[in-house]
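Some notes on the structure that comes next.
The values are calculated or read from the model by the stated rules, or taken from the named source; none is laboratory data. What you see is a predicted model; the values in this text were computed from it and never measured. Virtual Cβ from ideal backbone geometry, glycine too; neighbours counted across all protein chains shown. Note: areas computed on protein heavy atoms with side chains; ligands, DNA, RNA excluded. Shrake-Rupley method; radii C 1.70, N 1.55, O 1.52, S 1.80 Å.
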Amino acid sequence: MHPLFDLTGRVALVTGSSRGIGVALARALASAGARIVLNGRDAATLEATRARLAADGIDCTAAAFDVADETGAAAAIAEVERGYGPIDILINNSGITVRRPLEDFETADWDRIMATNLTGAFKVGRAVARHMIPRGRGKIINVCSINSELARYSIAPYVTSKGALKNLTKGMAIDWARHGIQVNGLAPGYFATELTAPLVADREFTGWLEKRVPMGRWGDVKDLGGAAIFLSSAASDFMTGQMIYVDGGLTASV
């Protein structure tokens, strides 16, 4: 491991890491030496994931909380700081969506998406930053999306939340730069996960995607690991408020 990318002994909290992209990001950081704090709302699912990672030799613990619950999140983060170690790296990965034409969208679903995807990142980010600031260092990565830039039919609230998260990333970066904290965005394109499995299996959709994405394929969650390690490490110490799109060239093409 090149010393610029070495995360040995660093504690990394990854929200929404019971499955999918969150687990892949946790594994990537662990491969660079980080100690991992997994997070999700369902304690049983989270514990099953922790057990799988521990069986693979990964130093990890689990902190079950809802990112939208300000009090619960702050208490869980404080407990991690006391019992597992100071949080050096935060990846705000929790996210949900509902697919429906905007004119038929229920306000309750809009509020739920914003509470998790945007306000949850603010609440968790603020709680972690309050511990990082006295230490004068820290890395925060907000998992945004190609939908931070591009809209698609039936997911307007999700697009709104991810666009706002991109700008929250910039706001966090500017406010906390003087405290030695770097905040950047990681924006995946179309990735094959448990949640996108129906789309992967849809021949028409996959055919469209293979033509639309210049690299001609779905992303594999392992494709995100290098960017996550970079943004978590000393290699990115003079980089803040930026976005890295890992999308096979989709946002660069017309």
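Please pick out the residue among Ile77, Ile21 that is assigned to a helix (DSSP H, G or I) and open to solvent by 30 Å² or more (accessible area, probe 1.4 Å). That would be Ile21, the only listed residue that is assigned to a helix (DSSP H, G or I) and open to solvent by 30 Å² or more (accessible area, probe 1.4 Å). With the requirement that a residue be more than 20 Å from Ala235 (Cβ to Cβ) and either in contact with a Leu (Cβ under 7 Å, 6 or more places away or on another chain) or among the basic types (Lys, Arg) (or both), what does the stretch 169-187 give you? The answer is Lys170, Arg178. Under the condition of being within 25 Å of Arg19 (Cα to Cα) and touching a residue at least 24 places away in the same chain (Cβ under 8 Å), the residues counted in the stretch 204-214 number 1.
Residues that are at pLDDT 95 or above and acidic (Asp, Glu): find the helices (runs of 4 or more DSSP H) completely inside the stretch 146-234 holding 2 or more of those. Walk me through it before giving the result.
Numbers: elements: 156-176, 197-201, 203-212, 225-232.
Passing ranges, in order: 203-212.
Screening the stretch 24-45 for residues that are without any contact (Cβ under 8 Å) to a residue 60 or more places away in the chain and out of contact with any strand residue (DSSP E or B) (no Cβ under 8 Å at 6 or more places or on another chain) and picking the one that is farthest from Asp66 (Cα to Cα) gives Gly33.
Among the residues of the stretch 154-183, write down those that are in contact with a Phe, Trp or Tyr (Cβ under 9 Å, 6 or more places away or on another chain), open to solvent by less than 20 Å² (accessible area, probe 1.4 Å) and over 22 Å from Leu102 (Cβ atoms). Within the stretch 154-183, Met172, Val183 meet the criteria. Cβ-Cβ contacts under 9 Å between residues 6 or more apart (or on different chains), taken from a first residue in the stretch 217-233 that is within 16 Å of Gly20 (Cα to Cα) to a second residue that is of a type in the set (D, E, K, R) and surrounded by fewer than 20 Cβ atoms within 10 Å (Cβ to Cβ), are listed as Trp218/Glu210. Tell me, please, whether a residue that is crowded, with 22+ Cβ neighbours inside 10 Å and not in a loop (DSSP other than H, G, I, E, B) can be found in the stretch 93-112. For the stretch 93-112, residues crowded, with 22+ Cβ neighbours inside 10 Å and not in a loop (DSSP other than H, G, I, E, B): absent. Restricted to the stretch 46-63, and to residues there that are assigned to a loop (DSSP other than H, G, I, E, B) and in contact with a strand residue (DSSP E or B) (Cβ under 7 Å, 6 or more places away or on another chain), the residue that is most open to solvent (accessible area, probe 1.4 Å) is Asp59. Looking at the stretch 59-72, can you tell me whether even one residue there is in contact with a Leu (Cβ under 8 Å, 6 or more places away or on another chain), among the β-branched types (Val, Ile, Thr) and either in contact (Cβ under 8 Å) with a residue 40 or more places away in the chain or under 21 Å from Val128 (Cβ atoms) (or both)? Yes, the stretch 59-72 contains at least one residue that is in contact with a Leu (Cβ under 8 Å, 6 or more places away or on another chain), among the β-branched types (Val, Ile, Thr) and either in contact (Cβ under 8 Å) with a residue 40 or more places away in the chain or under 21 Å from Val128 (Cβ atoms) (or both).
Applying the selection to the stretch 122-146, what residues are in contact (Cβ under 8 Å) with a residue 60 or more places away in the chain and either within 12 Å of Val67 (Cβ to Cβ) or buried (at least 23 other Cβ atoms within 10 Å of the Cβ) (or both)?
Keep residues of the stretch 122-146 that are in contact (Cβ under 8 Å) with a residue 60 or more places away in the chain, which gives 124, 128, 139, 141, 143-144, 146.
Correct list: Val124, Val128, Lys139, Ile141, Val143, Cys144.
Residues that are open to solvent by less than 80 Å² (accessible area, probe 1.4 Å), in a helix (DSSP H, G or I) and over 11 Å from Gly189 (Cα atoms) within the stretch 235-254 comprise Ala235, Ser236, listed in sequence order.
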